[in-house]
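Contents: one structure, followed by commentary.
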Amino acid sequence: MAKQLVRDLINAGVHFGHGASRWNPKMAPFIFAKRGTIHIIDVKQTLKGLLIAKQLLAEVVSSGSDVIFVGTKRQAQKVIEAAANKSGMHYVSQRWLGGMLTNFRTIRSRLQRLEQLEAMEQEGTLEGESKKQASRLKREMRKIKTNLEGIRKMTRPPGAVVVVDAKKEHLALREAKKLGIATIGLLDTDSDPDSVDVAIPANDDSIRAIELIMNELTDAIAVGKTMAPIRQEQARPRRTRSRRPALAQAKADHDKPDTDSAVEQQPTETEVSVSNQTEAQQQPDLKDKSDSE
């Protein structure tokens, strides 16, 4: 299966990098060779990064967290949307607004505003407004929907961020790093591999290459969803209460050390006091008896 995946990656042109004059020296470990003025990406490194990313996404999703796909460049927009819809996750394909992760409360307020405007449109309230006011409200609704439609169902920060072209999506990576969110990035030869936690060196300008890698990642997300119930069952604390409490109590009593018998053998305080009083009464009798003799 790995060999077939490598063939598909090569056929998709995943190994073609940028021109040598645009390269980032930190990408040297991921470059196989140089052909003319173009760097050739090492497909083995691409496969290695893809497998690590799949394992990471499966772990994140199985733990109950979500994943957000980010790809605002023209070649990645439709692919990102299709991958997010297929996996039931979130996406940003038009523009990354500053604070989407670090200022999530404000983003949620804008989404609530979108729901309010849509409710007004369905109820026909917008038709009762003036023409200028209705046009302004419709433009506001269209703008919010364009920028935030992909994260409309996201109610909390995600557990992982997947970006296409880490150089272009540096704002998203910076916010994710600030919040300690795991990051996965498709990196071309002009990107910085230190900006992501898991680097997948690949041609981020090839639609086929992006689509192939996104399909592999969505498959990993599907596997993580199947693992989620198992993880929850393992994390749930098990009760050790016996179904037969009487028998359990009897066994517990049986297993206790025989301290009751030791206690019974020792005289109690009452018995000691009674014996002392008896001895005190007997002593004067003995004294009178000796006097009479």
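Of the residues in the range 187-208, at least one is of a type in the set (A, V, I, L, M, F, W, C), over 19 Å from Thr102 (Cβ atoms) and surrounded by fewer than 19 Cβ atoms within 10 Å (Cβ to Cβ).
So, of the residues in the range 18-29 that are of a type in the set (A, V, I, L, M, F, W, C) and surrounded by 14 or more Cβ atoms within 10 Å (Cβ to Cβ), which turns out to be nearest to Lys153 (Cα to Cα)? Once the filter is applied, the top-ranked residue is Met27.
Just one of the numbered conditions (1) out of contact with any Phe, Trp or Tyr (no Cβ under 8 Å at 6 or more places or on another chain); (2) buried (at least 19 other Cβ atoms within 10 Å of the Cβ); (3) assigned to a helix (DSSP H, G or I) is not true of Ala83: (1).
Residues of the range 137-144 include none that is touching a Leu at 6+ places or on another chain (Cβ under 7 Å) and at positive phi. Among the residues making up the range 135-155, a single one is among the polar types (S, T, N, Q) and not in a helix (DSSP H, G or I): Thr155. For the range 42-64, state whether one or more residues are assigned by TED's automatic domain parsing to the domain that holds Arg22 and under 13 Å from Arg152 (Cβ atoms). So far as the range 42-64 goes, no, none of its residues is assigned by TED's automatic domain parsing to the domain that holds Arg22 and under 13 Å from Arg152 (Cβ atoms). When Ala166, Ala182, Ala176, Ala172 are checked against the criterion of being touching a helix residue (DSSP H, G or I) at 6+ places or on another chain (Cβ under 9 Å) and in contact (Cβ under 8 Å) with a residue 40 or more places away in the chain, Ala182 stands alone in meeting it. A search for C-beta distances below 9 Å between a residue of the range 125-147 that is touching a residue at least 40 places away in the same chain (Cβ under 8 Å) and any residue that is among the charged types (D, E, K, R) and in a loop (DSSP other than H, G, I, E, B), counting only pairs 6+ apart in sequence or on different chains, returns Thr146/Arg95; Asn147/Arg95. For the range 63-101, a residue qualifies if it is out of contact with any Ser or Thr (no Cβ under 7 Å at 6 or more places or on another chain) and acidic (Asp, Glu), and exactly one does: Asp66.
The values are calculated or read from the model by the stated rules, or taken from the named source; none is laboratory data. These numbers come from a predicted model, not from an experiment. FYI the Cβ positions are ideal-geometry reconstructions off the backbone, even for glycines, and counts take in every protein chain you see.
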